[in-house]
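Here is the structure we will look at.
Computed from the coordinates by the stated procedures, all read-outs in this text should not be read as laboratory data. Values in this document were obtained by computation on a predicted structure and should not be read as measured data. Here the Cβ positions follow ideal geometry from the backbone for every residue, glycine too, while neighbour counts run over all protein chains shown.
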Amino acid sequence: MADLSGWLVVVDLQRVFGDPDSPWTAPRFEEVRPRIRRLVAGFGERVVFTRFVAPAEPQGAWAAYYDRYPFALQPPDAPLYELVEDPGPALVQTATTLGKWGPELAEVIGGGPLTVAGVATDCCVVSTVLPAADAGVPVRVVTDACAGSSDDEHGRALHLMDLYAPLVELTTTADLLGR
């Protein structure tokens, strides 16, 4: 039986991570999109899409980061930061940080559970999942609805998050939605 309690957070399903020519591409981006659409339909009104955008002026360690990735220093409304799926009535939260867990998302999610899908598993997904779990929110990561910067990095990130069990549970789209 499907357990669709709590909220679904779709992390950074944006053009910059789906464009094969982007330095930030997640090679399996297109493969996970149909699964994410199924999850969004299943969770109905309890969906949040997140967007990563560059800060107007990078500070601290972010300055070196954007020295490495100057292509990304574009305004939040630049095409590369557009979502690739229409969020419809879903909430959209934008942040200049890799992790999206914080007071705004916590206010929406409440006590959870939080179900997470999106990209990149080894960056924005793991940076969202671990702080949420550390805050005491039960987190489910839908492994086949996430894409990493490579298959190896995806696998390493999933392994890392699995070390946080039972705070973090790894699941699949079929197991979550019911076969």
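Before moving on, here are some points about what is shown:
- For segment 155-171, putting each phi into the Karplus relation 6.51 cos²θ - 1.76 cosθ + 1.60 with θ = phi - 60° gives couplings of x, 5, 5, 4, 4, 4, 5, 5, 5, 8, 4, x, 5, 10, 10, 8, 9 Hz, in residue order, rounded to whole numbers and with x for Gly and Pro.
- Residues whose amide H lies under 5 Å from that of residue 115, counting only those 5 or more places away or on a different chain, are 7, 8, 9, 140; hydrogens are built 1.01 Å from N in the peptide plane.
- Calculated from backbone phi, Karplus (6.51, -1.76, 1.60) coupling profile of segment 78-91 in Hz, x at Gly/Pro: 5, x, 5, 9, 5, 5, 8, 10, 6, x, x, x, 5, 5
- Residues with amide H under 5 Å from that of residue 120, placed H, sequence gap 5 or more: 125
- Value of D in µm² per second that Stokes-Einstein yields for segment 1-65, Kirkwood Rh from Cα pairs, at 25 °C (0.890 mPa s): 175 µm²/s
- The chain - Debye-derived log10 I(q)/I(0), Cα point model, q = 0.20 Å⁻¹: -1.47
- Put simply, the amide H of residue 4, placed in the peptide plane, has no neighbours under 5 Å, leaving out anything fewer than 5 places away on its chain.
- Measuring how big segment 77-179 is from its alpha-carbon positions, Rg and Dmax come out at 13.6, 39 Å.
- Phi-derived couplings, Karplus 6.51 cos²θ - 1.76 cosθ + 1.60 at θ = phi - 60°, listed residue by residue for segment 52-61: 8, 9, 7, x, 4, 9, x, 10, x, 4 Hz, with x used for Gly and Pro.
- Lys/Arg +1, Asp/Glu -1 at C-beta; the chain dipole; positive extreme among 118, 58, 90: 90
- In the elastic network of the chain, a GNM with C-alpha springs shorter than 10 Å, the most mobile of 115, 94, 128 is 94.
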